[in-house]
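Working notes, beginning with the structure itself.
Bear in mind that the values in this text are calculations on the coordinates, not laboratory data. None of the values given here were measured: they were computed from a predicted structure. Note that we place each Cβ from the backbone using ideal geometry, even for glycine, and neighbour counts take in every protein chain shown.
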Amino acid sequence: MFTPNKEIPKTIYTSAGFLTFIIFLVIWSVLTYGGVVNALFLPTPTTVLATAIDLFANGSLLSDIGISFSRVLVGFLVAAAIGIPLGILMGSLRIMEGAFEPIIGFIRYMPASAFIPLLILWIGLGEAEKMSVIFLGTFFQLTLMIMDVTKNVQNELIEVSYTLGAKKVQLFTKVILPAALPGIVDTLRITFGWAWTYLVVAEIVGASSGLGYMIMQASRFLQPDKIIVGIIIIGLLGLLTDMIFKAIYRASFSWMRKDGL
Amino acid sequence: MVSPHTMNGEKESVHMGKPKLEIKDVGKIFKTKTGETTALEKTSFTISEGEFVTILGPSGCGKSTVLRIVAGLEEATSGHVLLDGEAIHGPGPDRGMVFQSYTLYPWLTVKENITFGLKLNGVSQKERDDVARHYLQLIGLEGFEKHYPIQLSGGMKQRVAIARALANDPKILLMDEPFGALDAQTRNIMQEVLLKAWDESKKTILFITHDVDESIFLADSVYVMTARPGRLKKKVPIQLDRPREFSVKGTTEFAQYKEELLSLIREESLKSI
Ligand SMILES: Nc1ncnc2c1ncn2[C@@H]1O[C@H](COP(=O)(O)OP(=O)(O)O)[C@@H](O)[C@H]1O
Ligand SMILES: [Mg+2]
């Protein structure tokens, strides 16, 4: 069981995951029910659960989730819609790499949150500003990762395609894109996860709805239970989208598996 | 191109036809960080229509460079390449290529791989089906048309790569150590598969190898290359009967060719160590 790289039975694998969660819950319970920490800072699991149910039933939690989800989704989709073609071109055409890699490599180290004041000046406090933060947080990394994925397409696969008569456009559509597609989907999965982490940043300033706004409000009114509910929900949404991407990956790329299933 | 020996089979006389591929003073110098590498000294040779030529040489002597220049994947520093009397410009479907590394499209089935070039050219589904059926049968992979490359052995993948190149009906087939990654048993079988495909398709083939047995078994002519910087050292016509079977490798004629080539290549290998 402790030999590197050795396969273990699936049940043990899954149990290990559950066990970690349970240990986490136990520590939380001991700290709170045991009165080790002040309930003002860390509420009990039951309090958090009760708050969650209450927020779902009576609060605006569902609409907050909806608005946050749409912000993340649109910001991310715009980033992907530009980043995927740009990344593919950068990965295959040296001129595009030369032109864009330096500036993207530069901007990506600038924190997205630092752009918020500028964004507010430029486009105000509306939805576009929130989505822009998500966009800025994901676009540059995404583009560079797509570039790398494209660069990793086996050079001889491209060469053999030329000898089979592929024209330049066909080379992109029939060879490079399908060869890079699994890597692209995986990149989207990872960067969509990052998009969620920019949500709170996007909703800190000038928001009046959304999960980030809810968390900021709860902080102001000293409601740690509400903060924790918000954090857990963002985590669950992130997990859900991750699982959706993994399912898409599995369903789309059966040719990568020997059993073809 | 006229051989002093004329007593071998019909096939040989067919080869004495018009030149298919002419390589004239082709040389290649690579510019690298550490200076210039002469990969290929000015080299000239001619391949006739339907001829099977192998190039034999120690590794690093410029075999791949010659082939890549003919394929149009690399530009010659000097000289030019004529195919059917016309200069080549860049890669094209008139020169099919099989690499040593597996280069099937992993997301396409065997059948889709074989007909990839045809589909690019807008050949109809029905015609593609017919071509695929023909080549699947030729390479002995009937029943595998719906398989994906990951489900195939190395030998099977190279069979598909050969079929894919032939299905495109190129004027010449270029092969860069295509069986180099295969085990000895599979390699022997693949050589026979290739000879069968060559016989049936009447293609001109330029085949690169560093395996002496392979070069003799397949070729009408073996060109031996010198060690770096590469250059053609000697042309050895192979006058073994066609069609050839595996058993020819046990004959004394074969052994004589082998001895001749081994001594030629040994001199070169020693130089390149
Ligand atoms: N793209 C390249 N840049 C620099 N040197 C190269 C390049 N390709 C090949 N060479 C050099 O040219 C020589 C011949 O290479 P190659 O034709 O691949 O030899 P072979 O196929 O006979 O093993 C080698 O010394 C190799 O290092
Ligand atoms: Mg080579």
| Å³ per residue enclosed by the Cα convex hull of chain B | 141
| query | Per residue of B:89-95, how many C-beta atoms from partner chains lie within 10 Å of its own C-beta, taken as a mean? | reply | 3
| Which of the trypsin sites (Lys or Arg not before Pro) found in segment B:25-111 are loop residues per DSSP with 12 or fewer other Cβ atoms within 10 Å of their Cβ? | B:Lys33
| task | Kindly state, as a whole number, the per residue volume in cubic angstrom of the convex hull around the alpha carbon atoms of chain A. | result | 189
| said: Between B:Val248 and B:Ser101, what's the calculated FRET efficiency when r is the beta-carbon distance and R0 is 22 Å? Round to 0.05. | reply: 0.15
| message | As I understand it, the value is the acute angle between the Cα axis of helix B:125-138 and the longest principal axis of the Cα atoms of chain B; what does it come to in degrees, rounded to 10? | response | 60
| query | What does the convex hull of the Cα atoms come to per residue for segment B:78-197, in Å³? | reply | 126
| said: Within 10 Å of each Cβ in B:146-152, how many Cβ atoms from other chains are there, averaged over the peptide? | reply: 3
| note | The summed charge of the A:Lys174 Cβ neighbourhood (under 14 Å; Lys/Arg +1, Asp/Glu -1) stands at +3
| request: Return the loop-located chymotrypsin sites (Phe, Trp or Tyr not before Pro) in segment A:1-54 (DSSP other than H, G, I, E, B) with at most 15 other Cβ atoms within 10 Å of their own Cβ; answer none if there are none. | output: A:Phe2, A:Phe41
| 16 Å cut-off, amide nitrogen to a point 7 angstrom out along A:Lys258 Cα→Cβ, residues in segment B:122-150 | B:148-150
| request: Quickly estimate the mean residue ellipticity at 222 nm for chain A, helices only: each DSSP H run with n ≥ 4 gives -39500 (n - 2.57), and the total goes over all residues, rounded to 500. | output: -25000 deg cm²/dmol
| said: Using alpha carbons only, how many angstrom separate the centre of segment A:26-81 from the centre of segment A:125-166? | reply: 33
| note | The ³J(HN,Hα) series, computed from each phi in segment B:18-33 with the Karplus coefficients 6.51, -1.76 and 1.60 at θ = phi - 60°, rounded to the nearest Hz and given as x for glycine or proline, is 6, x, 8, 10, 10, 10, 10, 6, 7, x, 9, 10, 8, 8, 10, 4
| request: Would you mind getting me the FRET efficiency between A:Thr47 and B:Phe30? Use the beta-carbon distance for r and R0 = 56 Å, nearest 0.05. | output: 0.20
| query | Put a dot 7 Å past each Cα toward the Cβ at B:Ala181 and A:Val37; how far apart are the dots in nm? | reply | 5.3
| said: Once you place label points 7 Å from the Cα toward the Cβ at B:Lys271 and A:Arg250, how far apart are they in nm? | reply: 6.0
| task | Pull up the cross-link candidates among the lysines for B:Lys42, meaning alpha carbon to alpha carbon under 17 Å and not fewer than 8 places away within one chain. | result | B:Lys24, B:Lys28, B:Lys31, B:Lys63, B:Lys233, B:Lys234, B:Lys235
| Based on the Cβ-Cβ distance of A:Asp54 and A:Met96, what FRET efficiency does E = 1/(1 + (r/R0)^6) give at R0 = 51 Å, to the nearest 0.05? | 0.45
| remark: In debye to the nearest 20, the charge dipole size for segment B:105-169, taken about the Cα centre with +1 at each Lys and Arg Cβ and -1 at each Asp and Glu Cβ, equals 140
| request: Give me the lysines in straight-line cross-link reach of B:Lys119: C-alpha distance below 22 Å, same-chain residues under 8 apart excluded. | output: A:Lys167, A:Lys168, A:Lys174, B:Lys111, B:Lys146, B:Lys157, B:Lys171, B:Lys203
| What does the charge dipole of segment B:54-133 about its Cα centre add up to, to the nearest 20 debye, if the Cβ of each Lys and Arg holds +1 and the Cβ of each Asp and Glu holds -1? | 280
| query | How big is the antiparallel share of DSSP beta bridges in the protein assembly as shown, given as a percent to the nearest 5? | reply | 55
| message | Per q in 0.08, 0.10, 0.12 Å⁻¹, report the Debye log10 I(q)/I(0) for the protein assembly as shown, using one uniform scatterer on each alpha carbon and no solvent. | response | -0.70, -0.91, -1.12
| Counting partner chain Cβ atoms within 10 Å of every residue's Cβ in B:66-77, what's the average? | 1
| How about segment A:133-198: which trypsin sites (Lys or Arg not before Pro) there are in a DSSP loop, with at most 16 other Cβ atoms within 10 Å of their Cβ? | A:Lys167
